[in-house]
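This report concerns only the one structure given below.
The values are calculated or read from the model by the stated rules, or taken from the named source; none is laboratory data. Keep in mind that this is a model prediction, so the values were computed, not measured. Positions of Cβ are backbone-derived with ideal geometry, glycine not excepted, and every protein chain shown enters the neighbour counts.
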Amino acid sequence: MILVTGGAGFIGSHTGRALHGAGEECVLLQRRAPAIPPRLADLPVAMAQGDITDLDSLRAVGRRYAITGIVHLAITLPWETDDGDAVGTAGRALDGFLNIVRVAQEWGVRRVVVAGTIGVYGGVAVDGALGEDLPLPMRHFHAIPTLKKITELLAGQLAAETGIEIVTARISGTWGPGGHLPDPFFPAPSLAHAAARRGAPDLSGLAHQPYAEDALDLAYVKDTGRALTLLQLAPRLRHTTYNVGSGRATSNAEVIEAITSVEPGFRAELPSRDAAPPRWLDTTRLREDTGFRPEYDTAAAAADYIAWLRAGNER
C-alpha cells in the first residue's frame, strides 16, 4: 500500500488516482479531517489524518496500514509565521521530511519519492533544456526552492545511511483540475477559468505581468500524477533525481491559442516583449527509466480542464 502525503491536494489527488489506475492500493494523508474529497469519491482509497511534523500521527498510520512505498508531496511552508519564529518555522519544514524518512525506515519502505520543484534551477545560466546534472546555484532566491535544495542534499545522505531509495522529482509548472487559482507564477489556470465562464480573464493575482512570449515547461496535472506513480512503481531506477514535466516550453500565446480552439469566442490579449530564450525540463531520464510520455498536449489539456470546470467544479 502506497502512502501519499498531501494526498487530498492538487497533485496528490491525481497521484492517488494514477496509483489506483496502476492497480495499487493507497492511503492519502491530510492534516484536516480525513474525508475523501468529492473528486476522488469514485475510488476505493483510504484516507488518514496526520501531520508530517507530528511523528506520532505518522506512526499511527503505519499501525493501521501496511505501507510499502511513500510519495511525499506535503510541505510545511518554510517562511516566517505570524509568531515571528523564522528559525522554528524552518526547523519544522525540515522536520516534516526527516519524519517521513524516519517512518520509512521503521516500516521497511523500499522507495520514497519526494516532490522537488523546477524552482531549484533558478539562476542557472543555461538556455534551453534543464538537465538534472546541471550545477545549482547555492544562493537563496525563494524559500521553497531553498528548502527543496536542502532536502535533496539530505536525501542523498540519508539514502546512503539508511538504505532507503529516496528519489527527488523536480516538478514543473502544473495546471488542471483542483489547481491553484490564481497560480501566482503563470496565467494558464486563470485563462482556463475565464474561458469556462465565458468571461474576461482576471490576471491581477499573478506575481508579475504576464507576456504573450513568456514560456515555461507546463505540465497537465494528470500527466504529473502518472509520472510520480511511475517513479514510485518502476522496478529499477538508475538515478536519484528526475525532472517531471512536459519536456517542452509552452508560451502563454500557445495556451491562449489552445483555449481558443476549445472556446472560439474566447479573447485574451497579453502584451508582447522580447522574451528571454525559453527553458524547459529535460525529461530524458524519466522517459528512459519509466517509459513516461505525456498524454495531454496543450490543446487536450485545455479541453479537459474547461470541461471539468463547466461540469460545476470550482477549481
If you go through GLU152, GLU132, the only one that is acidic (Asp, Glu), in contact with a helix residue (DSSP H, G or I) (Cβ under 7 Å, 6 or more places away or on another chain) and within 23 Å of GLY225 (Cα to Cα) is GLU132
Considering residues that are in contact with a strand residue (DSSP E or B) (Cβ under 9 Å, 6 or more places away or on another chain), touching a residue at least 60 places away in the same chain (Cβ under 8 Å) and outside any helix (DSSP H, G or I), the number found within the stretch 3-25 is 7
Taking the stretch 26-37 and the residues there that are among the aliphatic types (A, V, I, L, M) and part of a loop (DSSP other than H, G, I, E, B), the one that is modelled with the lowest pLDDT would be ALA33
Among the residues that make up the stretch 212-226, is at least one of them within 26 Å of GLY122 (Cα to Cα) and either free of Cβ contacts under 8 Å to residues at least 40 places away in the same chain or exposed (fewer than 15 other Cβ atoms within 10 Å of the Cβ) (or both)? no
Within the stretch 288-315, the count of residues that are of a type outside the set (A, V, I, L, M), under 20 Å from ILE11 (Cα atoms) and part of a helix (DSSP H, G or I) comes to 5
Within the stretch 253-269, residues under 26 Å from the mean Cα position of the chain (by Cα) and free of Cβ contacts under 8 Å to residues at least 60 places away in the same chain come out as ALA253, GLU254, GLU257, ALA258
The condition of being β-branched (Val, Ile, Thr), outside the structural domain of ASP289 (by TED's automatic domain parsing), surrounded by fewer than 20 Cβ atoms within 10 Å (Cβ to Cβ) and touching a residue at least 24 places away in the same chain (Cβ under 8 Å) holds, among THR162, THR117, THR168, THR151, only for THR162
Within the stretch 55-71, the count of residues that are among the hydrophobic types (A, V, I, L, M, F, W, C), surrounded by fewer than 18 Cβ atoms within 10 Å (Cβ to Cβ) and closer than 15 Å to PRO34 by Cβ comes to 1
Checked ALA207, ALA192, ALA300, ALA200 against criteria (touching a strand residue (DSSP E or B) at 6+ places or on another chain (Cβ under 9 Å) and surrounded by fewer than 19 Cβ atoms within 10 Å (Cβ to Cβ)); the one match is ALA300
Per the filter on the stretch 247-291, residues touching a strand residue (DSSP E or B) at 6+ places or on another chain (Cβ under 8 Å) and loosely packed, with under 13 Cβ neighbours inside 10 Å are PRO277
